[in-house]
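Bear in mind these aren't lab numbers, they're just calculated from the coordinates by the rules spelled out. Predicted model only: the values in this text are computed from it and were never measured. Backbone-built Cβ (ideal geometry, glycine too); neighbour counts: all protein chains shown.
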């Protein structure tokens with residue numbers, strides 16, 4: 001890649017970039033030319049740096065106006081993008097003005113500051129940007145040269161289509177528009193037809209579940225004993241870091257409460273938490289203060305969580321594409337992963353049909369003497385998860401940290 005600004009090469013070296021990912025290789029050259037781009041690839045493929053590096057290279061630090069607007073579906077994702085952007089900007093001697101606009105912040109102070117000056121790079125959620133730009137007319141997004149919509153499928157799922165269309169229209173036809181997403185839902189195509197001009201389409205195929213280094217195991221339950229069995233599974237494993245997924249916020253709260261009663265280091269993530277609670281949860285996760293994260297699908301998607309060794313599904317998601325997103329949280333940075341799902345044989349037949357199409361051969365497991373034991377066609381001597389992971393944990397941590405330096409998740 002050829003950048004005009006020398007500090008970007010220093011940033012790449014300082015941030016331990018060894019090579020560009022596939023999405024970065026295909027997006028960056030055209031992004032540097034100002035072309036509209038659609039980038040579809042799975043979470044963890046490097047989409048964020050695929051647009052951040054070009055926008056920094058094109059930024060004119062002498063112009064004190066909004067040049068780039070980045071939309072993100074959640075405040076946690078917006079803060080993650082901000083952290084990536086500031087890490088790159090730290091190598092820029094001219095220190096560009098980068099600001100974030102999400103819920104849970106002092107709106108009066110934001111408006112007062114915007115009356116005095118505009119950021120050069122604005123990062124925010126669609127609802128908050130719509131409020132400040134179109135309702136209050138204090139965030140002057142009409143000057144933007146580039147509009148980036150990150151995790152667009154999540155914004156559409158959250159009901160932000162009208163806000164996204166209005167923001168894109170306000171930025172104007174001359175602004176470069178880059179849309180990145182993990183999936184390509186139908187309404188994303190509708191938005192693209194309205195807002196983009198002959199975009200470059202970079203659609204990377206998703207790896208089938210069977211090709212990922214993940215052990216998929218399924219534990220049979222009866223509906224009335226779901227929580228009891230979940231606790232038995234938790235007792236049988238000793239993860240480096242486990243994410244436990246539930247389908248409703250009430251279930252997330254109940255599971256987190258039960259695990260705290262067992263004196264486990266646990267936090268939760270769902271959309272009904274206050275801004276303060278969610279910020280503290282993300283801080284605890286990144287500080288490795290917890291061993292268990294209980295989460296809903298929407299609250300956790302896209303957030304960069306390192307070192308997940310186990311995924312535990314309280315139940316299959318109603319939309320099985322979310323199973324792919326869930327288990328994709330583990331088996332990163334060259335590590336193997338474990339996915340354990342509680343299932344009801346009478347209700348989950350369609351889920352297993354989906355997994356069969358993905359090439360996943362079910363491995364059934366039971367709890368025996370406090371151990372999670374896999375039942376395979378040719379049973380071998382079983383080793384409990386607590387024995388396996390307690391021995392492997394230090395090595396896992398050491399190997400993971402080494403791999404993080406080698407492969408940056410942008």
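Here are the numbers for the structure shown:
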read-out	value
Gain upon complete extension [residue 197, residue 232; 0.36 nm per residue less C-alpha separation]	7.2 nm
Rounded, prolate or oblate (a/c below 1.5 giving rounded, otherwise prolate when a/b exceeds b/c) for the range 74-147 by Cα gyration tensor	prolate
Calculated FRET efficiency for the pair residue 94/residue 335, C-beta based, R₀ 35 Å, to 0.05	0.35
Residue 253/residue 346 FRET efficiency (R0 22 Å; Cβ-Cβ; nearest 0.05)	0.25
Separation in nanometres of the label points that stand 7 Å from Cα toward Cβ, at residue 105 and residue 356	5.1 nm
Antiparallel content of DSSP bridges confined to the chain, in %, to 5	10 percent
Computed [θ] at 222 nm, helices only, for the chain once each DSSP H run of length n ≥ 4 contributes -39500 (n - 2.57)	-12000 deg cm²/dmol
Kirkwood Rh, angstrom, the chain [1 / mean 1/r, Cα pairs]	22.6 Å
Globularity index of the range 173-235, i.e. its alpha-carbon radius of gyration over 2.2 N^0.38 Å	1.99
Crossing angle, helix 22-32 versus the chain [Cα axis fit, 0-90 degrees, rounded to tens]	10 degrees
The range 7-203: radius of gyration over Cα atoms, expressed as a fraction of 2.2 N^0.38 Å	0.95
At R0 = 22 Å, FRET efficiency that the Cβ-Cβ distance of residue 186 and residue 318 yields, to 0.05	0.75
Point-to-point label distance, residue 112-residue 16, nm (Cα→Cβ direction, 7 Å offset)	4.1 nm
Extension reserve of the residue 220-residue 261 stretch, reckoned as 0.36 nm per residue once the Cα distance is removed	12.3 nm
Distance between modelled label sites at residue 87 and residue 286, nm, 7 Å Cα→Cβ extension	1.0 nm
Alpha-carbon centroids, the range 159-199 and the range 264-281: separation in whole Å	31 Å
Net length gained if the chain between residue 174 and residue 279 were fully extended (0.36 nm per residue, minus Cα distance)	34.2 nm
